[in-house]
Amino acid sequence: MKKILNYIDGSYCEPYTQDWLDNYNPSKGAVYSKIASSSSIDVDKAYQAAKKAFPSWSNTTIDARSAILLKIANLIEDNLDMLAEAESLDNGKPLSLAKTVDIPRASSNFRFFAHAITQFASEAHESVGLETMNFTLRQAIGVVGCISPWNLPLYLFTWKIAPAIAAGNTVVAKPSEVTPMTAFLLGKICTQAGLPNGVLNIINGTGPSVGQAIVEHPNIKAISFTGGTKTGASIARTAAPMFKKLSLELGGKNPNIIFADCNYEKMLSITVKSSFANQGQICLCGSRIFVEKSIYSKFKNDFVSRVKELKVGDPFASSTQIGALVSKPHLDKVMSYIDLAKEEGGEVLYGGNKVIVNGSENGYYLEPTIIEVTNNNCRVNQEEIFGPVVTMMSFDTEEDVLEMANNVKYGLSATLWTSNLDRTMRMSKQIESGIVWVNTWLNRDLRTPFGGVKNSGVGREGGFEALKFFTESKNICIKYDN
Ligand code: TXE
């Protein structure tokens with residue numbers, strides 16, 4: 001059976017303990033490869049390689065670093081089909097999605113930061129009249145840790161690694177043990193692109209073992225993490241007393257707010273996507289839909305009939321719009337929320353059942369599910385489900401919906417559908433979230449800050465924010481005689 005190895009100092013290697021985890025193909029519900037189940041010994045080996053590589057890499061010219069990142073971007077593009085197939089097999093997402101979103105975005109991440117680093121400048125402050133000149137150095141931090149989740153595997157893995165290495169750091173990275181395949185394949189691409197040995201080291205294994213060892217490592221100075229809010233809190237508890245730099249991109253329970261004056265057709269088709277793209281396993285999905293009362297029953301009918309048309313099936317079939325959920329435990333978790341919704345008095349308007357796909361009877365398929373609720377305080381409206389499940393309810397006034405949108409512990413993103421500019425400005429300013437999309441969803445310009453407030457995390461990724469995170473700024477103050 002194929003083995004997913006660690007990538008340390010430019011070479012693939014087995015874990016020190018020779019322990020292995022099963023890797024599942026979610027579309028079949030069957031084990032199809034073995035994953036290195038590494039320990040702190042492997043993490044330290046990776047750290048040593050990264051430490052050795054740091055002096056030279058951090059002093060490599062911006063042009064040379066940028067050129068290598070561009071080569072990685074090109075190689076990802078050249079291997080689009082192979083990587084998309086691997087992603088779809090490992091994660092259960094439709095191949096069409098991996099081909100058009102995940103892998104192209106992984107390539108864009110490297111391309112974007114290859115260019116961004118050439119434009120990254122720092123400030124100078126002249127203290128006029130005092131014969132003093134200050135300037136800011138932004139220096140690479142050293143060895144940094146990047147820990148990523150399973151929902152957008154290569155997309156989010158590269159979103160962290162690209163700025164980290166562009167800024168001159170060396171990296172110990174851990175992909176999710178649920179979806180390690182494309183990160184494993186990236187190792188070879190980095191070698192082909194001429195990335196010096198030790199600049200990127202990839203260690204596979206579980207969160208409590210490998211993730212924890214990265215976070216606890218005394219000399220890994222910064223941690224960039226995307227994943228669940230509980231895990232983020234545990235990472236913060238470990239890293240904060242060690243005074244590490246931390247960027248935490250956590251869960252969401254995002255409101256999708258629909259006013260009667262919106263462009264209805266556009267709203268309807270994008271709402272289907274923002275509800276169910278990637279099986280609803282995107283932290284940015286609009287999982288709480290609020291609809292203005294005057295169009296509520298029309299929306300309810302139209303939305304249900306559109307969602308009924310979505311084709312759940314084998315991720316490799318071209319007609320498939322919704323693939324398999326990522327794992328059996330995750331499917332069970334999502335289904336438990338559907339049961340909870342019923343207990344709480346919610347009405348399942350559509351879906352709620354497992355789907356049996358011919359030839360893939362053990363796959364983790366679930367119907368897209370719409371639940372009508374009457375109270376924003378119920379648990380299904382407050383807790384992150386992270387699957388193909390949305391709730392919907394009506395609202396009377398702008399004030400009411402704003403109160404409900406903000407009455408949740410998360411604050412990652414919000415979507416607003418309206419043609420009223422005054423309302424757009426009023427609401428955008430008051431919604432508690434890191435991102436507000438108006439008349440669109442998941443529209444990403446990589447220069448913009450990305451991250452959440454409240455329990456959705458701390459820190460911002462994207463553009464110069466990411467390069468600032470992955471550098472330490474130092475003020476140099478020079479006094480001179482006139
Ligand atoms: O994520 P984990 P899980 C949400 C979603 C989901 C829930 C749990 O609601 O149902 O989180 O998912 C590593 N120290 N999101 O449990 O565990 C882990 O190995 C260091 C939202 O699968 O947070 C993996 O590499 N690392 C989210 C990464 O953390 C640890 C995407 C994320 O996995 C660790 C995924 C530890 N102690 C889930 N424990 C988003 N924001 O997009 C685990 N890890």
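The values are calculated or read from the model by the stated rules, or taken from the named source; none is laboratory data. Keep in mind it's a predicted model, so treat the numbers as computed, not measured. Reconstructed Cβ throughout: ideal geometry from the backbone, glycine too, with neighbour counts over all protein chains shown. With ligands, DNA and RNA removed, areas are computed over all heavy atoms of the protein, side chains included. Shrake-Rupley method; radii C 1.70, N 1.55, O 1.52, S 1.80 Å.
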**OP:** Mind listing whichever residues of the stretch 453-468 are open to solvent by 30 Å² or more (accessible area, probe 1.4 Å) and in a helix (DSSP H, G or I)?
**Re:** Phe464, Glu465, Lys468
Original post:
Is one or more of the residues making up the stretch 45-57 surrounded by fewer than 23 Cβ atoms within 10 Å (Cβ to Cβ), farther than 27 Å from Gly211 by Cα and at pLDDT 95 or above?
Top reply: no
Subject >> Residues (within 9 Å of the ligand (Cβ to nearest atom) and open to solvent by 40 Å² or more (accessible area, probe 1.4 Å)) located in the stretch 175-205 >> reply: Glu177, Val178
**OP:** Please enumerate the residues belonging to the stretch 210-231 that are open to solvent by 40 Å² or more (accessible area, probe 1.4 Å), out of contact with any strand residue (DSSP E or B) (no Cβ under 8 Å at 6 or more places or on another chain) and near the ligand (Cβ under 9 Å from one of its atoms).
**Re:** Gln212, Glu216, Lys230
Subject >> Where Lys266 falls short, out of the listed (1) among the charged types (D, E, K, R); (2) more than 26 Å from Trp150 (Cβ to Cβ); (3) buried (at least 16 other Cβ atoms within 10 Å of the Cβ) >> reply: (3)
**OP:** For the stretch 280-326, enumerate the residues that are small (Gly, Ala, Ser) and open to solvent by 30 Å² or more (accessible area, probe 1.4 Å).
**Re:** Ser294, Ser297, Ser305, Ala317, Ser318, Ser319
**OP:** Run down Thr440, Thr424 and say which single residue is out of contact with any helix residue (DSSP H, G or I) (no Cβ under 6 Å at 6 or more places or on another chain) and in a helix (DSSP H, G or I).
**Re:** Thr424
**OP:** Note down all Cβ pairs under 9 Å where the first residue falls in the stretch 231-254 and is farther than 13 Å from Lys454 by Cα and basic (Lys, Arg), the second is assigned to a helix (DSSP H, G or I) and within 9 Å of the ligand (Cβ to nearest atom), and they're at least six residues apart or on different chains.
**Re:** Lys244/Val215; Lys244/Thr238
